[in-house]
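J.: Got a structure for you, questions after.
Values quoted throughout were computed directly from the atomic coordinates according to the rules given, and no laboratory measurement underlies them. Bear in mind the structure is a predicted one, so any value in this text is a computation, not a measurement. Here Cβ is always computed from backbone atoms with ideal geometry, including for glycine, and neighbour counts include all displayed protein chains.
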Amino acid sequence: MSKASLREAVRDALGRKSVACALTRFADNYVVAREQAYQVKDFESLRREVARIKGEAASRLEELAAQFTREATRRGAVVFRAQTAADACHYIARLAASKGIKSIVKSKSMASEEIHLNRYLEERGLEVVETDLGEWIIQLACQRPSHMVMPAIHMSRHEVAEVFSREVGERVEPEIPRMVGLARRELRKKFLSAWMGISGGNIAVAETGTVVMVTNEGNGRLTTTLPPVHVVIVGLEKLVPRFEDVAPILEVLPRSATAQPITSYVTMITGAVPCVDPQGNYLPRKELHIILLDNGRTRMAADPVFREALLCVRCAACLNVCPVYQQVGGLFGDVYTGAIGTVLSAFFTDFTKAALAQHLCLGCQRCREYCSAGIDLPGLIAELRRRAVEKNGAAHVERLIFEKVLPRRRLFHGLLKAAARLQGPWAKEGRIRHLPLFLAGLAEGRSLPPLAAVPFRDRLEGLPRPARPKDTVAFFSGCLVDFVYPGIGEAVCRVLAAMGWEVKHPEGQTCCGFPARQAGMPKSLAELARQNLAALLEAGAERIITACPTCAEALKCLYPEALAGDAAWLPRAEACAAKVTDFSTFVWEHKDELLPHLAPLGRKIAYHDSCHLKYALKADLAPRRLLAAAQAELVEMTPRELCCGFGGTFALKFPELSRALLERKLEAIRRAGADLVALDCPGCLLQIEGGGVEKTVKHTAEILAEKLRRLP
């Protein structure tokens, strides 16, 4: 699949409205239910403990695998180390052939999906039946799971009824109780006649040789107990050192996966046990075979960056809250889906597919917030993107922009000023609705604000200054404020002047470099970082303020990371990062200097959360508190955390997907019933304002500046 075919696949996925409807409805309910499930638990401390346990295991994989093998073998199991997917498939097929087995039942196992086990066995004449309800539906529909925990979540009950009708040869009504009864009836026959059961495992305890399996259906226990031969496929990353390590994982796994305090069944298998075969014969000990699957896991453990992905407990919380996944389902990923799925696929299945799927990451960072082990999934996606560019090269246009234009500040700004002069034919009534040539995608599904005739950097002379400034702040405006929304920059300066702060706008500042990072081009980011650091530190200000959360994240978080290997510039990056604050947080910290100069806002305001402000800067409360202190009536949107779908170049690459996300946000704005929408991100302003929103949308700085009283 190419980038063009991926875009076409996205369009097709968006055309299946029932998928997005099912996934978004589940996601909205999930967030509320999950919060309730964690009410009596400290999620942060739990996930730190899970990360500690899994991190220790990732650093000791070989040692723990050997210990697990010894303990499980001592208790009657046969343990096989499968280096590859082919090794695992061949072992199971050979085992079945040696026993004359023709019928196999399987409980849910993503590891078996990873190695394409069903296809391998069926090609060799074996009957393999999935017994998890969702997996059985998917098997009958000849599809692959779209979710790691709920494989058929993308299908409606009407679609399931059609699948069942084909299977049993009679009309099945789309009534859930009847369909569940049908599945129970049909699958019970398979359980009673199967000679081999195959399952996965959620945890493998090295200390005792125990495999732990958590399920919500009885099929798991039927699969593991009825057939005389039981095969467990468990990835090496499921190993934990001690039996006591099971508890924290069981605390987070069901709460994060399905928002349950605990699943219906927690099964612990330690060694082989007696059983009765399908012919009624008593067997003193069934055969238990445990396949420890590598298939790229030791390679991942040896990677200093991607080892972190082995902390994953497969709760799929990252899928549940991903705005892109909610629109396109299993298209985002390969066998494993979503953000973590894209990373795992790069090592376990197909790097090329993973490198393509990562383009679907919007960069909202919500996945990291909900991850049960605190994995930096956005960072891993960025590194995957970097390696894909390193391996395959960047597109010609991206190379031109990020290597030739952005690092040359005067050229970059000169081009923007020239574009402002030439945009007349496309700017109608203060908006741009069409653009020529390769820029056409920018205006697809939205209108755009025109470039400012006079950028912010050329408007500084007329801005107010305090008569006796208490101190100086440097203002990093960013490209959108400087060249598209200079009014935001003016509002920032007026508010800060009213508070007694003198504002400097270093002339040498340029693009923050965040788009270069998103394009997988860290060298360009580092070059832009050096330019901006030189300009900002030369200003000599105690604080650095920005009205763009994306720029703030670049200055605070990305610059030290990008310059980590540069002994000359890293200390400057760290010094700069310590000074950076977003506008609303800074004003809230010094609210007593502003509120006496502010007339009551007196309006009903709905606040939109910028993803970078909320998830990277953790600063979403400051603007709300600031607006409330200024006597605004705040109303929350429902759902509160919806992304607007901008994502910078994401909106250019996938305009239809960006628009679908925006529609959800616009509907939430309409339902809120506010007079005004406040936000702190010029990128979000561009997206929401350009989508045809019926309400006025303004930056928090503009709202405050409009209510400033005349200073004495």
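J.: Report, by chain and number, residues whose modeled amide H sits under 5 Å from the one on residue 210, excluding near sequence neighbours (fewer than 5 apart, same chain).
T.: Residues meeting the criterion, in which the H sits 1.01 Å from N, are 205.
J.: Reachable aspartates and glutamates from residue 614, Cα under 13 Å, same-chain residues fewer than 8 places away excluded?
T.: Filter leaves 369, 553, 582, 641, 680.
J.: Another question, if that's okay. Give me a comma-separated list of calculated 3J(HN,Hα) values for region 164-174, in order, Karplus coefficients 6.51, -1.76, 1.60 applied at θ = phi - 60°, integers in Hz, x for any Gly or Pro.
T.: For region 164-174, the Karplus curve yields 5, 4, 5, 5, 9, x, 8, 5, 10, 6, x Hz.
J.: Students often get this wrong, so try it: which of (i) 210; (ii) 229; (iii) 165 is volume of the Cα convex hull per residue in Å³ as calculated from the structure shown?
T.: Computing volume of the Cα convex hull per residue in Å³ and matching it to (i) 210; (ii) 229; (iii) 165 gives (iii).
J.: For residue 616, what charge total do you get from the other residues with a beta carbon under 13 Å from its beta carbon, if Lys and Arg give +1 and Asp and Glu give -1?
T.: Working: positive: 366, 368, 517, 556, 614, 618; negative: 369, 376, 553, 561, 582, 609, 620, 680.
Value of the local net charge: -2.
J.: For every other residue with a beta carbon closer than 10 angstrom to the beta carbon of residue 96, add +1 if it is Lys or Arg and -1 if Asp or Glu, then tell me the sum.
T.: Working: positive: 94, 99, 102, 124; negative: none.
Combined, the nearby Lys, Arg, Asp and Glu give +4.
J.: Under the classification rounded if a/c is under 1.5, otherwise prolate if a/b is larger than b/c and oblate if not, where does region 141-200 fall, given a ≥ b ≥ c as square roots of the Cα gyration tensor eigenvalues? Present the calculation step by step, with values, prior to reporting the outcome.
T.: Working: a/c = 2.03, a/b = 1.16, b/c = 1.75.
Since a/c reaches 1.5 but b/c is at least a/b, the shape of region 141-200 is classed as oblate.
J.: So how far, in whole Å, is the C-alpha centre of region 158-225 from the one of region 237-314?
T.: Centre-to-centre (Cα) distance: 18 Å.
J.: Here's another thing I want to ask about it. List every residue whose amide H lies under 5 Å from the amide H of residue 598, counting only residues 5 or more places away in sequence or on a different chain, with H placed 1.01 Å from N in the peptide plane.
T.: 709
J.: Continuing with the same structure: Does region 537-624 come out rounded, prolate or oblate, given a ≥ b ≥ c as the square roots of the eigenvalues of its C-alpha gyration tensor, rounded meaning a/c under 1.5 and, failing that, prolate meaning a/b above b/c? All intermediate terms of the calculation are to be shown ahead of the outcome.
T.: Values: a/c = 3.94, a/b = 1.82, b/c = 2.16.
Note, shape of region 537-624 comes out oblate.
J.: For region 456-591, how many pairs of lysine residues have a Cα-Cα distance under 17 Å, where the two are 8 or more positions apart or belong to different chains? Working shown, then result.
T.: Values: 470/504; 470/579; 470/591; 504/579; 556/579.
Pairs that pass both the separation and distance tests number 5.
J.: Nearest 5 is fine: what % of DSSP beta bridges in the chain come out antiparallel, could you say? Mind showing how you got there, number by number?
T.: On the way: 15 of 61 bridges.
Bridges in the chain that DSSP calls antiparallel: roughly 25 percent.
J.: What does the charge dipole of region 456-591 about its Cα centre add up to, to the nearest 20 debye, if the Cβ of each Lys and Arg holds +1 and the Cβ of each Asp and Glu holds -1? Mind showing how you got there, number by number?
T.: Numbers: 15 positive and 16 negative charges, 43 e Å.
Value, rounded to 20: 200 debye.
J.: Still on this structure: Over what distance in Å are the Cα centres of region 537-579 and region 444-478 separated?
T.: Answer, in whole Å: 20.
J.: Please compute the contact order of region 596-706 in relative form: average sequence separation of alpha-carbon pairs under 8 Å and at least six residues apart, divided by the residue count, as a percent. Let's see the in-between values first.
T.: Details: 166 pairs, mean separation 33.6, N = 111.
Over region 596-706, the number comes to 30 percent.
J.: Then there's this: In the chain, once you exclude exposed GluC sites (Glu not before Pro) (DSSP loop, at most 16 other Cβ within 10 angstrom), what's the longest stretch remaining? If you can, show how the numbers build up before the last one.
T.: Working: sites that count: 123, 170, 175, 207, 429, 444, 507, 542, 636, 694.
Counting at most 16 other Cβ atoms within 10 Å as exposed, the longest clean stretch of the chain is 208-428.
J.: Once you have a ≥ b ≥ c as the square roots of the Cα gyration tensor eigenvalues for region 44-152, tell me rounded if a/c is under 1.5, and otherwise prolate or oblate according to whether a/b is larger than b/c. Could the numbers behind the result be given before it?
T.: On the way: a/c = 2.48, a/b = 1.29, b/c = 1.92.
Oblate is the answer for region 44-152, as a/c is 1.5 or above yet b/c matches or exceeds a/b.
J.: Which of the lysines could a cross-linker span from residue 106 if the Cα-Cα distance has to be under 23 Å and same-chain partners fewer than 8 positions apart are dropped?
T.: 189, 190, 238, 286
J.: In the P(r) worked out for region 224-342, what percent of Cα pairs fall beyond 22 Å? Before the final figure, lay out each step's value.
T.: Details: 3757 of 7021 pairs.
The answer is 54 percent, as a whole percent.
J.: Another question about this same structure. How high is the relative contact order of region 84-136, in percent, with contacts defined as C-alpha pairs under 8 Å that are six or more residues apart?
T.: This gives 42 percent for region 84-136.
J.: Related question: In whole Å, what is the distance between the alpha-carbon centres of region 70-114 and region 501-519?
T.: Cα centroid of region 70-114 versus Cα centroid of region 501-519: 56 Å apart.
J.: Now for a separate question. Quick one: Karplus J couplings for region 47-52, per residue in order, coefficients 6.51, -1.76, 1.60, θ = phi - 60°, nearest Hz, x for Gly and Pro?
T.: Working through the residues one at a time gives 6, 5, 5, 4, 5, 5 Hz.
J.: Got the relative contact order for region 505-607 handy, in percent, Cα pairs under 8 Å and 6 or more residues apart?
T.: Numbers: 103 pairs, mean separation 26.0, N = 103.
Computed value for region 505-607: 25 percent relative contact order.
J.: If you don't mind, another one. Please report the net charge: other residues with Cβ closer than 11 Å to the Cβ of residue 27, K and R +1, D and E -1.
T.: Working: positive: 25, 34, 366, 664; negative: 28, 641.
Spelling it out: positives minus negatives among the neighbours equals +2.
J.: Taking the Cα centre of the chain as origin, work out the dipole magnitude from +1 charges on Lys and Arg Cβ and -1 charges on Asp and Glu Cβ, in debye rounded to 20. Spell out each step's value before the answer.
T.: Details: 95 positive and 80 negative charges, 133 e Å.
With Lys and Arg at +1 and Asp and Glu at -1, about 640 debye.
J.: With runs of 4+ DSSP H residues as the only contributors, calculate the mean residue ellipticity of the chain at 222 nm using -39,500 (n - 2.57) per run, divided by the residue total and rounded to the nearest 500.
T.: Details: 34 runs with 336 residues, N = 712.
About -14000 deg cm²/dmol.
J.: What are the ³J(HN,Hα) couplings of region 623-634, residue after residue, when phi is run through the Karplus curve with 6.51, -1.76, 1.60 and θ = phi - 60°? Round to Hz, x for glycine and proline.
T.: x, 5, 5, 5, 5, 5, 5, 8, 6, 8, 8, 8
J.: Right, next: Quick check: pseudo-label points 7 Å beyond the Cα along Cα→Cβ at residue 103 and residue 193, how many nm apart are they?
T.: Taking the two extended label points, one gets 0.4 nm.
J.: Turning to a different aspect of this structure: Name the long-range amide H neighbours of residue 198: under 5 Å, sequence gap of 5 or more, or other chain; modelled H, no Pro or chain starts.
T.: 105, 106, 107, 231
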